[in-house]
Amino acid sequence: MTITQSLIAFTAAATVLTLTPGVDTAMVLRSAATGPRSATFAAIGIGLGCLIWGGAVSLGLGALLAASEMAFTIVKWAGAAYLLYLGVCLLLKPRAALAVDSGATGGSAREAFTRGLVTNLLNPKIGVFYITFLPQFIPTGVDPAGFSFILAGVHVVLGTLWFAVLIAATIPLGRFLARPRVVKTMDRLTGGVFIAFGLKLALSRQG
């Protein structure tokens, strides 16, 4: 398999995985209700988290998660606890209204970025996914570390493009999304998604 063939095959496979709804999609959609700036920062945090995992896998740290049950378990429980915490907070204390403009361009954007970054960093399945999925698309004769990081970068680009589509789609619905009832409903739905994925992560196994 040539480098071009490898990139095409990986892009096709990664596109399907990117379009599959998950906690990242829920986080971006929830942040988009506050405004495109907040959603953009959430997407940046998510992408940076994936890049850090990609770099860790390239350096061999991802192999530790695949080989060490203790390391995997520690990161897994930390990630599950964080998702459950976010989910419970959203269920018990949903917003009654969107943040004002100053908040949307300040604190909420930083909070969205932090949530996107931390959620990905505390998800060991991303590291295990990269270390098991990326090698299938590494052609012979190339540097495995460098090429695997390139593939992780492709995955991040695809995710960024998908989030951009989601954010753009929410802009015409801005007034609707700003309604207090809609805000509360979205927060509670997002909280439910976070709790579901937190439980799924907690119950997941290393293999």
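The values are calculated or read from the model by the stated rules, or taken from the named source; none is laboratory data. Just so we're clear, the structure is a prediction, and the values are computed from it rather than from any experiment. Reconstructed Cβ throughout: ideal geometry from the backbone, glycine too, with neighbour counts over all protein chains shown. SASA here: full protein model, heavy atoms, side chains in, ligands and nucleic acids out. Shrake-Rupley method; radii C 1.70, N 1.55, O 1.52, S 1.80 Å.
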### Filter pass, Leu7 being within 13 Å of the chain's Cα centre (by Cα), hydrophobic (A, V, I, L, M, F, W, C), assigned to a helix (DSSP H, G or I) and closer than 27 Å to Pro144 by Cα
no
#### Entry: Hits in the range 127-144 (condition: assigned to a helix (DSSP H, G or I) and over 21 Å from Phe72 (Cβ atoms))
Phe137, Pro144
### Message
Yes or no: the range 138-146 includes at least one residue that is touching a helix residue (DSSP H, G or I) at 6+ places or on another chain (Cβ under 6 Å), buried (at least 19 other Cβ atoms within 10 Å of the Cβ) and not aliphatic (A, V, I, L, M).
### Response
no
### Message
Being hydroxyl-bearing (Ser, Thr, Tyr) and surrounded by fewer than 17 Cβ atoms within 10 Å (Cβ to Cβ) is true for just one of Thr185, Thr170. Which residue is that?
### Response
Thr185
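Select, from Gly49, Gly45, Gly35, Gly87, the only residue that is within 22 Å of Gly159 (Cβ to Cβ), modelled with pLDDT of 80 or more and more than 16 Å from the chain's Cα centre (by Cα).
Numbers: Gly49 fails: more than 16 Å from the chain's Cα centre (by Cα); Gly45 fails: more than 16 Å from the chain's Cα centre (by Cα); Gly87 fails: more than 16 Å from the chain's Cα centre (by Cα).
Criteria check complete, one pass: Gly35.
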### Task
Using the structure shown, decide if Leu65 is of a type in the set (A, V, I, L, M), more than 30 Å from Ser38 (Cβ to Cβ), modelled with pLDDT under 85 and surrounded by fewer than 16 Cβ atoms within 10 Å (Cβ to Cβ).
no
### Message
Take the conditions at pLDDT below 80 and among the hydroxyl-bearing types (Ser, Thr, Tyr) and apply them to Thr185. Does it pass?
### Response
no
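Output the number of residues of the range 27-50 satisfying the condition of being open to solvent by less than 20 Å² (accessible area, probe 1.4 Å) and part of a helix (DSSP H, G or I). Even if it seems obvious, please write down each step before you answer.
So the first thing to find is which residues in the range 27-50 are open to solvent by less than 20 Å² (accessible area, probe 1.4 Å), and the list is 27-28, 31-33, 35, 38-39, 42-43, 45-47, 49-50.
With the extra rule that they be part of a helix (DSSP H, G or I), the set shrinks to 27-28, 31-32, 38-39, 42-43, 45-47, 49-50.
Residues flagged as open to solvent by less than 20 Å² (accessible area, probe 1.4 Å) and part of a helix (DSSP H, G or I) within the range 27-50 amount to 13.
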### Message
Restricting to the range 1-18, name every residue that is among the polar types (S, T, N, Q), open to solvent by 40 Å² or more (accessible area, probe 1.4 Å) and more than 10 Å from Phe137 (Cβ to Cβ).
### Response
Thr2, Thr4, Thr15
